[in-house]
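A short write-up of the structure that comes next.
The values are calculated or read from the model by the stated rules, or taken from the named source; none is laboratory data. Everything numeric here is computed off the predicted structure, so don't read it as measured data. Cβ coordinates were reconstructed from backbone atoms using ideal geometry, including for glycine residues, and neighbour counts include every protein chain displayed.
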Amino acid sequence: MNLNNLERQRVGLECTNCHTRIPLDRSLTGCPACGESLLEAVYDFGQMDIPVWLSQVKNRRPNLWRYREVLPIASAHNIVSMGEGGTPLIKSHALAASLGLKHLYIKDERQGPTGSFKDRQATVAISALKEMGVDELVVASTGNVAIAYAAYCARAGIKLWAFFPSLTPGDKMREAALYGAEVIKITGTYDQTKELAARFAQTKGIFLDRGIKSVAAIEAMKTMAYEIADDLGAELLGGERWLAPDWFLQGVSGGMGPIGVGKGFREMLNFGLVDQMPRMGLVQSAGCAPMVEAFRRGQRIATPIDNPQTIIATLATGNPGRAYEVLYDYVRRHGGYFTAATDEDAFTATLILARTDGISVEPATAVTFAGLINMVRERVIKPDDIVVVNCSGHTMSVEKHVLGDQWQHSVDLSGQDKTPALPEEGLLSALEQVEAQVRRIVIIEDNVDAARLIQRILQARGSYDIHLAHDGVAGIQLIRDLMPDLVVTDLMMPDVDGFAVIDTMKSDKLMARIPIVVVTAKDLTPKEKARLSGQIEMLLQKGSFIDEEFIESLVSKLP
């Protein structure tokens, strides 16, 4: 078989509800048998030579279309591409250390042509529509889909009508208009916006992105799974084979993304490229979480939410429909977890991720990281698990919600002969008051990344003299030599652990007066808690200390 010849591709569609097989053509609006809009592409993989295919994939440019044999386009001439896909898998150090995770990876989908993972969907959808001869298209979107479609439609010469609910950030609507889309803003929910878009398309006789939307989303998003498995294999196995993570996490609204990723891993499992299916961590906004609520009740069908209470428009889908059933079945079969996070948690997570790993994300991704933090705290995700988080988009249009109005300090030098003192505000003022008491700090932590994170948090908020030790013996010696004002120690360390450090300090008259803060990922037994009682100033669980109040809480316990 000539794998370079895309004409050999035989693609059909299958309804995920009644499993009816239908052709992929321009009349597609959904399943003709049951009306289901959730459709999957099916291929003839019977004679596919996987080793030969892999060798060809490795020699192609690292973008989505390197996997073109498993995508629903018959001819390469119809591909509309701007280099999407091939995004990096970034290993987290600071955030991972703070959560006590050894293998946390961020799939950085912000690096697509329009800055979100919806570029994957757009390139497949618009390429398929071009192949069908479609020249005008209607889409309903909360932002990223319409922006990506607008860019790719402009490149393909397809006119786009983009319907947005009113909660969509104005910057996103303007960006779609910049690419030439006709923008229609609807005062209503996203579900109402989809209904109006469908009526408009039917009245005008314009192709509606409904049936093709699920096909393109699922097939495009599965390429993310291929990239993750390839990159994890290179990172952790030296490239000897591909590797599926233990967890894949994503913020969900309609649910097409994780459904596609799941299909990708299922294909790779069938090909023999990976040996397991990842568990799915599916996170929704607490103000619109029909999937989470249904899962907690053990229900396979979600009850729609008529009035979403979230300002994160991209997650405000009140009726997930069949997508939830597919994800519910996946979690029941392969493992996983549905959880919710508030808008406030999401914006806090935006700050945490930006200030620890230097990655700025959109609210839908921030909700995912807030869910990650919750899952670690709840011990759903274990320290040794390999975790991949879909970083789906950039935060550009929402900084005002994250930072508020007081994100800068202004100094007016007009008419001044000398530089005035900066104003004292909130946390900075509190730290200045403590600064005279706490100057020298010793941190004892065998995880180098965790130690550096604590050091960075402290240094960002004060001129402290900080010394690091990476085991208990060195820590005790540092304390004896420096007699610091504060000791921050882990408990779980080889040889001399944190308990021994504390016992040594408390048995020495000079060291006994030094305040101790314990930071640990260990679940303490009642006996261990009793052993620490009266010996330390504060106990912080890893995963709970990386917030704006950490230092303020820490120093407030000091004498």
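Computed values, structure above
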| read-out | value |
| --- | --- |
| Hey, V473 modelled with pLDDT of 90 or more, part of a strand (DSSP E or B) and of a type in the set (A, V, I, L, M, F, W, C) or not | no |
| Matching residues, segment 268-300, being touching a Leu at 6+ places or on another chain (Cβ under 9 Å), surrounded by 17 or more Cβ atoms within 10 Å (Cβ to Cβ) and closer than 30 Å to D44 by Cα | L273, V274, M277, M280 |
| Failed item, numbered, when T123 is tested on (1) in the same structural domain as F369 (by TED's automatic domain parsing); (2) in contact with a Ser or Thr (Cβ under 7 Å, 6 or more places away or on another chain) | (1) |
| V519 being within 21 Å of R439 (Cβ to Cβ) and either in contact with a helix residue (DSSP H, G or I) (Cβ under 7 Å, 6 or more places away or on another chain) or outside any helix (DSSP H, G or I) (or both) | yes |
| Spans of strands (runs of 3 or more DSSP E) in segment 1-111 with at least 1 residues modelled with pLDDT of 90 or more | 89-91, 103-108 |
| Residue ID - surrounded by the most Cβ atoms within 10 Å (Cβ to Cβ), chosen from residues in segment 301-317 that are hydrophobic (A, V, I, L, M, F, W, C) and in contact (Cβ under 8 Å) with a residue 60 or more places away in the chain | L315 |
| Members of segment 42-64 found to be surrounded by 12 or more Cβ atoms within 10 Å (Cβ to Cβ) and of a type outside the set (D, E, K, R), listed by number | V42, Y43, F45, M48, I50, W53, L54, Q56, V57, P62, N63, L64 |
| Matching option when the condition is closer than 17 Å to T314 by Cα and either among the hydroxyl-bearing types (S, T, Y) or at pLDDT 90 or above (or both), among A154, A181, A148 | A148 |
| Some residue of segment 148-166 being surrounded by fewer than 24 Cβ atoms within 10 Å (Cβ to Cβ) and hydroxyl-bearing (S, T, Y) | yes |
| Failed item in (1) free of Cβ contacts under 8 Å to residues at least 24 places away in the same chain; (2) crowded, with 19+ Cβ neighbours inside 10 Å; (3) charged (D, E, K, R), with K213 passing the rest | (1) |
| Every residue from segment 108-136 that is surrounded by fewer than 24 Cβ atoms within 10 Å (Cβ to Cβ) and either in contact with a strand residue (DSSP E or B) (Cβ under 7 Å, 6 or more places away or on another chain) or of a type in the set (D, E, K, R) (or both) | D108, R110, G115, K130, E131, V134, D135, E136 |
| In segment 503-529, residue surrounded by the fewest Cβ atoms within 10 Å (Cβ to Cβ) [restricted to those that are farther than 19 Å from G100 by Cα and small (G, A, S)] | S507 |
| Matching entry among D481, D497, D503 (being closer than 21 Å to V438 by Cβ and among the acidic types (D, E)) | D481 |
| Sole residue being in the same structural domain as G233 (by TED's automatic domain parsing) and either of a type outside the set (D, E) or closer than 30 Å to G358 by Cβ (or both), chosen from L95, L178, L167 | L95 |
| Any hit, segment 368-377, residues being among the aromatic types (F, W, Y), assigned by TED's automatic domain parsing to the domain that holds M277, closer than 24 Å to A229 by Cα and in a helix (DSSP H, G or I) | yes |
| Flag for T342 being buried (at least 20 other Cβ atoms within 10 Å of the Cβ) and at pLDDT 85 or above | no |
| Some residue of segment 374-386 being surrounded by 24 or more Cβ atoms within 10 Å (Cβ to Cβ) and not hydrophobic (A, V, I, L, M, F, W, C) | no |
| Hits in segment 447-480 (condition: of a type in the set (D, E) and in contact with a strand residue (DSSP E or B) (Cβ under 9 Å, 6 or more places away or on another chain)) | D465, D471 |
| Hits in segment 493-518 (condition: more than 16 Å from I479 (Cβ to Cβ) and either without any contact (Cβ under 8 Å) to a residue 40 or more places away in the chain or in contact with a Leu (Cβ under 8 Å, 6 or more places away or on another chain) (or both)) | D495 |
| Contacts under 6 angstrom Cβ, first residue in segment 53-67 being in contact (Cβ under 8 Å) with a residue 12 or more places away in the chain, partner among the polar types (S, T, N, Q), 6 or more apart | L64/T223; W65/S81; Y67/T223 |
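This table checks each residue for (1) of a type outside the set (D, E, K, R); (2) surrounded by fewer than 23 Cβ atoms within 10 Å (Cβ to Cβ); (3) assigned by TED's automatic domain parsing to the domain that holds I50.
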position	(1), (2), (3)
I184	yes, yes, no
Y190	yes, no, no
T193	yes, no, no
F200	yes, yes, no
A220	yes, no, yes
A234	yes, yes, yes
G238	yes, yes, yes
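Okay, residues lined up against (1) touching a Ser or Thr at 6+ places or on another chain (Cβ under 8 Å); (2) assigned to a loop (DSSP other than H, G, I, E, B):
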residue: W161; (1), (2): no, no
residue: T168; (1), (2): yes, yes
residue: G180; (1), (2): no, yes
residue: I184; (1), (2): no, no
residue: D191; (1), (2): yes, no
residue: K194; (1), (2): no, no
residue: A197; (1), (2): no, no
residue: E219; (1), (2): no, no
